[in-house]
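One structure is given below, encoded as structure tokens.
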Amino acid sequence: MTSPLRVQFKGHLKARAFMLNRLLMSLAAPVAAQFAARRRWRLAVAFSVVASAALSGCGTFGGGNSSGGSWFSGWFGGGGKKPVVLAEMKNDTVTIAWTAYTGKSGGYLFAPAFADKLVYVAGHDGTLNALADEGGRIVTRIDAKAKLSGGVGAAENIVVVASNKGEVLAFDPAGRSLWKSSVAGEVLAPPSVMAANVIVRTADGRIFALNRADGKRKWVFQRPPPSLTLRTNAGVLVSGNTIYAGYPGGKVVAIEAESGKPTWEATVSLPRGATELERVADVSGIPVLDDSRICASVYQGRTGCVETLNGNVLWTREISSADGVAIDAKYLYVADVDGNVHALDKTTGASVWKQEKLVNRDPGTPVVLKGKVLVGDANGLIHALSVENGELIGRATTDGSRIVSLLAYGDHAVAQTDKGAVYLLTVK
């Protein structure tokens, strides 16, 4: 029997181009080197294939290449389209209040965390900085002494990061080590800090509850993974005593925070297609809670909302996204796989508006702030859209590298780029 070749693809699925990041069995060195250079993409697909099939040119990979070329040329570049040229925009709708720096992302997706008037940011090289939210000066510089792969989790008197070797590291605000725990799996998602627990999700979908005081394991929740799945940095949403998480197969799961037992499981979108690649249908962003509903979007699937009480589906729409959603008092906002930004009525799913000028710019998860919708793109631009009609009304320019995270922070937003720059944004 041919030994399985474990191939992990890190790629920009929206442009149908991705890189070969790691092989557990040998490939030709020139091929590995060619794709090792492509480390700045936001998503990945992890799957197993037999070596002979991987190297023999086995037709098309499902619907991944709409141009009709081979799976090799369609998936390993050449399929992307140029984005629309945007009109020059000079206004102060979105401005940069301060800029700071941390380590580069190294191909991972880092997100900041906030606690005690500090903005915690990390980079792949092990840099962990605590920045003052006023001015962005470095208050504490911590060397985690590990290659970090997940964003930051923080709360009063504790900051938590994780490594690509499954080490979870906790520090106090002064940088002193509190504890170290292993979850035996790469951690891509930011840990979530609760009153008594630290919730950590590994790349294979397992969710661990660690004791906040000493890092000892309390419970583990896991579901059997499919053979082919997106690889993202989506963590979990914690609300009260419930943890919500998205999974492959278009699933959203509610879990008791104290016991790790599932409360309900809902299907936002069913997998479709004849091949494994076509049937990838993963909730790749963190679900968003809004009163009695929780909403999410599914890659190669639908966007929708379910009831928090029992997981009953309220509505779904045929919008595929590899990112999360945002919600305000009236609408749900989502960027689809082509780069269109949509506003939907959050109670019915009816379309309100669609902004098409960001197609092929790869806008990420939207953020709603002061009556504006903010999205960061692959070229380091942060766009402001009107919540009422989707019109582009403002823009901020960063360092030109991908916006790997964009989060609301009080009346501001914080963005982190692939090159390690951190920006506090003011929105009028």
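None of the figures in this text is laboratory data; all of them are computed from the coordinates on show. Computed from a predicted model, the values in this text were never measured in an experiment. Neighbour counts run over all protein chains shown; Cβ positions are idealised from the backbone, glycine included.
Couple of notes before you dig in:
- Ala350/Ser259 FRET efficiency (R0 51 Å; Cβ-Cβ; nearest 0.05): 0.85
- Rounded to whole Å, sorted largest first: equivalent-ellipsoid semi-axes of segment 319-428, Cα gyration tensor: 21, 15, 11
- Inter-label distance for Ser227 and Ala174, nm, one decimal - labels placed 7 Å from Cα along Cα-to-Cβ: 5.5 nm
- For the peptides 229-237, 397-405, the ranking by packing is 229-237, 397-405, with the highest mean count of neighbouring Cβ atoms within 10 Å listed first.
- As a rough footprinting exposure proxy, the listed residues Met89, Met194 were ranked by other beta carbons within 10 Å of their own, and the order from fewest upward is Met89, Met194.
- Here's the list of lysines a cross-link from Lys261 could span, going by alpha-carbon distance under 30 Å and ignoring same-chain residues fewer than 8 apart: Lys165, Lys180, Lys216, Lys218, Lys251, Lys346.
- The ranking of Asp323, Asp133, Asp116 by Cβ neighbour count inside 10 Å, starting from the fewest, reads Asp116, Asp133, Asp323.
- Cβ-to-Cβ counts within 10 Å put Val368, Val94, Val159 in ascending order as Val368, Val94, Val159, the fewest first.
- Computed P(r) (all Cα pairs; segment 350-412; 5 Å bins; percent): 4, 18, 29, 27, 15, 5, 1, 0
- Under the Karplus curve 6.51 cos²θ - 1.76 cosθ + 1.60, θ = phi - 60°, whole-Hz ³J(HN,Hα) for segment 121-129, x wherever Gly or Pro sits: 9, 9, x, 4, 6, x, 5, 9, 10
- Considering only alpha-carbon pairs that sit under 8 angstrom and 6 or more positions apart, the relative contact order computed for segment 295-428 is 14 percent.
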